[in-house]
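The values are calculated or read from the model by the stated rules, or taken from the named source; none is laboratory data. Keep in mind that this is a model prediction, so the values were computed, not measured. Ideal geometry is used to build each Cβ from the backbone, glycine not excepted, and the neighbour counts take in all protein chains shown. Accessible surface areas use protein heavy atoms only, side chains included; no ligands, DNA or RNA. Shrake-Rupley method; radii C 1.70, N 1.55, O 1.52, S 1.80 Å.
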Amino acid sequence: MLRASDLCGEEGVKAELFLISDFQRTMMGESFPGVDSSLRTFLIPLEANALSNLYVDTAWFSSPARYAGQQARLNVRVVNAGQGDYEKVPLRLKLNGEQRAVASLDVPAGQSLELSLSFRLDEPGWYHGAIELTDYPVTYDDRYHLAFPVSDRIPLLAIHEGSPSPYLSALFAGDSAFSFSATPYLSVDYASLGRNSLVIADGLNTLPSGLADALLNFTRDGGSVILYPGEDIDPSGYSAFLGAFGLGLSGTPDTTDARVADLDPSHPLFEEVFEGEGAREGQRMDLPLVYSHYPLTPAVGSGGEVLLGMDNGRPFLLSGSPGPGRVYLFASPLREEWSSLPRHALIVPLLYRMALMSRPVQHISHTIGGDDGLRFPGISRAAEVLTLVGQEDGTEIIPGIRTQGSDLMIYTYDQLRLDGIYELRDKREVLAYAAFNFNRSESSLDPMNTDELESLTQDQGAERVSVLGASASSAERMIARLNEGVRYWTWLVWAALAFLLAEVLLLRFMKA
């Protein structure tokens, strides 16, 4: 419509615009777009005899972190946007040129189906491929491309005052999924802090300004921080750092016994931690005892979240996230004299989930035409110009680049036109992979009929817009009739010939 307006929008020019489409609801929205007053616009909706389309809508991993040796579970949503049932449709997952999982689908008409594909991540590095199925006649959405990195191990750092915590070492040091290290708070290398996914400040009585600034920058770059306060804290050292997250910590401990009593099993931090209907419904569970604690205060409107609450109404675990990263603040040190948490069964899944969710979830696919940037953690570029190159057709674009801490942000600026796997290259070196898919809203084939289009244009006051009912076979004839008018000359020729014949016959018989 913009193109027609540019071509025919000169003063005094009268033109007609014919729009032939199925006019899908997802395309039309709630209002009809503005039309140039110089254009007489005709809408010709074409309706298919039968709607049929099965497509892969989206995919996501159950776990936010992926590391070598893990049994990954990929969730897939398949939608039947047609009017008929699909039965025994094969669905395949291919990664790095190999088939990794397969499933068979039965999807009723107008319904969606979610299923899980399990496979093993054998080695660290980048995985890229697609989820594939086959249906006709709409085929562009039969492949859902995806790309994601797999880490060797998740790097964790514990910063301690005095001796390191034996509980943290017991949990993380012997686990092959994590790379755990501990260092005194006076010996922290601030420059290498960003190499970790999670930093645990264990038992610090104060936060020096340099360490507080380094941790704040670390969270702004997407990392997570766990704070276990010391046994004799200086609240002023914590206030500047916690204030950025809308959290507060009092320096006077409360020595009254309490119990952790408030826990939401549906929170992502506790997902798949508890079993049974009673746990999922929030019934009372065996939760830790608290012997002493510091009063915690989330600021009103700060977004601070109470993850664990005590029966005295105070929070035991707070979380704050003003940016990509997140901070977890406990009310008690990780000491048996303060609470039973160090030896409670809850500490293992709690800290384990915090470690797995320590970095923002990286998207495994992106939508063509989207404005969001692509985040590549821990990638440093050597060349001033990086390129995105399509694997299938060799399409090459120069994206926008911005460095955010230790992460690289890429912006495509609507340059891509084809879906598929793209390589992020520094000259000839492949730094990472990115998967792009077409917007799945176009896969919904629900069209607007003639009456609905007329109602939409009338509601918007589009006076120079008319809706014409037409089938695919008669659309061409209707356009020709509107453009050229009804042709009567052939009828007049035949009428003239008929009159001549009648005159000849009358003259002949009249003479007789």
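For the residues Thr412, Thr206, a 1.4 Å probe over the protein chains yields an accessible-area ranking, largest first, of Thr206, Thr412. For an R0 of 30 angstrom, estimate the FRET efficiency from the Cβ-Cβ distance between Val361 and Ala173 and round to the nearest 0.05. E(calc), rounded to 0.05, equals 0.70.
Antiparallel beta bridges, as assigned by DSSP with both residues in the chain, represent about 70 percent of the total such bridges.
For Cα extents along the principal axes in Å, the value calculated from this model appears in (1) 100, 60, 44; (2) 126, 50, 46; (3) 135, 54, 54 under label (3).
Peptides 21-27, 419-425, 326-332 ordered by packing proxy, namely the average of other Cβ atoms within 10 Å per residue, highest first: 326-332, 419-425, 21-27. For Leu431, nonlocal amide neighbours, meaning residues 5 or more places apart or on other chains whose placed amide H falls under 5 Å from its own, are Leu424, Arg425, Asp426. Between Ile226 and Val199, Ile200, Ala201, Tyr328, the built amide H atoms are under 5 Å apart, and every one of these is 5 or more places off in sequence or on another chain.
FRET efficiency for Ala68 and Arg508, Cβ-Cβ distance as r, R0 = 60 Å, nearest 0.05?
The formula returns an efficiency of 0.05 here.
Within straight-line reach of Lys427, meaning a Cα separation under 14 Å, sit the following aspartates and glutamates at least 8 residues removed in sequence or on another chain: Glu384, Glu396. The residues of the chain present an accessible area of 52 Å² per residue when probed at 1.4 Å with all protein chains retained. Modelled this way, with points 7 Å down the Cα-to-C-beta line, the labels at Val385 and Ser455 are 5.4 nm from one another.
Ranking Trp491, Trp60 from most to least accessible surface, computed with a 1.4 Å probe over the protein chains only, gives Trp491, Trp60.
Note on the chain: helix-only mean residue ellipticity at 222 nm, from DSSP H runs of 4+ residues weighted -39500 (n - 2.57) and normalised by residue number, equals -5000 deg cm²/dmol. Measuring with a 1.4 angstrom probe and ignoring ligands and nucleic acids, Leu146 comes out at about 0 Å² accessible.
With the highest mean first, a sort of the peptides 102-113, 128-139 on other beta-carbon atoms found within 10 angstrom per residue produces 128-139, 102-113.
Given their separation in residues at 0.36 nm each and the Cα-Cα distance between them, Asp213 and Met27 gain 62.2 nm when the chain is fully extended. Distant-in-sequence amide contacts of Ser21, defined by a placed amide H-H separation under 5 Å and a gap of 5 or more residues or a different chain, comprise Ile44, Leu46.
Along the Cα-to-Cβ line of Glu161, 7 Å from the Cα, sits a label point; which residues in the range 200-224 have backbone N less than 11 Å from it? Of the residues in the range 200-224, 202-208 have backbone N under 11 Å from the label point off Glu161.
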